[in-house]
Amino acid sequence: SEGRKETHKLISEGRKETHKLISEGRKETHKLISEGRKETHKLISEGRKETHKLISEGRKETDKLISEGREETNELARMVAKGFAGVDKKFDSVDKKFDEINSQFAEVKKEITEIKENLASTRQDVLSMGDRFTMKFEFHELASRVSALEQKQKIKR
């Protein structure tokens, strides 16, 4: 009876711990996804602002150089080329961040899969434990019958 109570207690604690871990896993997954989304939107917004800024600066500089002459126009072309090289570098940085985020998402998916597998395994373990133990009501029924037989045996002596 004490062993059975302890077993039921351990199963209950196991279930609670499993539910707690799943809940924490879900919260952490949602948190990582939310952070990833925020970071992605931030990077896109920064890239757009920087691109617009560089294009705006390039246009102003182009107009100035054209008015100053052909020689200065050639200089402007070199400057614009450098500006676009900077934009390319920014986009490379954004691509790198996207790769990092994709990697993090892959890790999150892997962790979720592991949690699901562990949950299924734990569930199966809990379900199979019931096959190895006598149910509480069966045990009480047998205990009552043994008690009744003992009482009869005492009366006959």
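The values are calculated or read from the model by the stated rules, or taken from the named source; none is laboratory data. Predicted, not measured: the structure shown is a model, and the values here were computed from it. As a convention, Cβ positions derive from the backbone with ideal geometry for all residues, glycine included, and neighbour counts pool all protein chains shown. These accessible areas exclude ligands, DNA and RNA; they are computed on the full protein's heavy atoms, side chains included. Shrake-Rupley method; radii C 1.70, N 1.55, O 1.52, S 1.80 Å.
From the phi of every residue in segment 39-46, what ³J(HN,Hα) in whole Hz does the Karplus formula 6.51 cos²θ - 1.76 cosθ + 1.60 yield, where θ is phi - 60° and glycine or proline is x?
Taking θ as phi minus 60°, the curve returns 5, 4, 4, 4, 5, 5, 4, 5 Hz for segment 39-46.
Which distance in nm do the two modelled labels at E28 and E71 give, with both placed 7 Å along the Cα-to-Cβ direction?
The modelled label-to-label distance comes out at 6.7 nm.
Using 32 Å as the Cα-Cα cut-off, could you pick out the over-long pairs in K20/K96; K20/K49; K49/K116; K5/K152; K16/K42? Intermediate values should be presented prior to the final figure.
Working: K20/K96 35 Å; K20/K49 43 Å; K49/K116 42 Å; K5/K152 29 Å; K16/K42 38 Å.
Over 32 Å Cα-Cα: K20/K96; K20/K49; K49/K116; K16/K42.
Which value, in Å² and to the nearest 10, is the accessible area of K42 when all protein chains are kept and the probe is 1.4 Å?
Roll a 1.4 Å probe over it and K42 shows about 110 Å².
Say R0 is 35 Å: what FRET efficiency, to the nearest 0.05, do S103 and K82 get from their beta-carbon distance? The partial results should precede the final answer.
On the way: r = 32 Å, r/R0 = 0.91.
Efficiency computed from Cβ-Cβ geometry: 0.65.
Expressed in whole Å with the largest first, what are the equivalent ellipsoid semi-axes of segment 1-79 derived from the C-alpha gyration tensor as the square root of 5 times each eigenvalue? Kindly include the intermediate steps, with their values, before the conclusion.
Details: eigenvalues 957, 13, 3 Å².
Square roots of five times the eigenvalues give 69, 8, 4 Å.
Please work out how much accessible surface L54 shows to a 1.4 Å probe, ignoring ligands, DNA and RNA, in Å² rounded to 10.
50 Å²
Can you work out the accessible area per residue across segment 1-49, with the rest of the protein chains kept in place, probe 1.4 Å, in square angstrom?
Numbers: 3960 Å² over 49 residues.
Per residue, segment 1-49 has 81 Å² of solvent-accessible surface.
With viscosity set to 1.002 mPa s and temperature to 20 °C, compute the Stokes-Einstein D of the chain, Rh being the Kirkwood radius across alpha carbon pairs; µm²/s, no decimals.
Values: Rh = 22.8 Å.
Value of D from the Cα-based Kirkwood radius: 94 µm²/s.
Given the DSSP H assignment, sum -39500 (n - 2.57) over each helix run of at least 4 residues in the chain and divide by its residue total; what's the result at 222 nm in deg cm²/dmol, nearest 500? Intermediate results must be reported in sequence, preceding the final value.
Values: 3 runs with 148 residues, N = 157.
Roughly -35500 deg cm²/dmol at 222 nm, from the helical runs in the chain.
Using a 1.4 Å probe over the heavy atoms of the protein chains, calculate the carbon and sulfur portion of the accessible area of segment 9-83 as a whole percent. Mind dumping the intermediate values first?
Working: 3190 of 6040 Å².
For segment 9-83, the apolar C and S fraction of the accessible surface comes to 53 percent.
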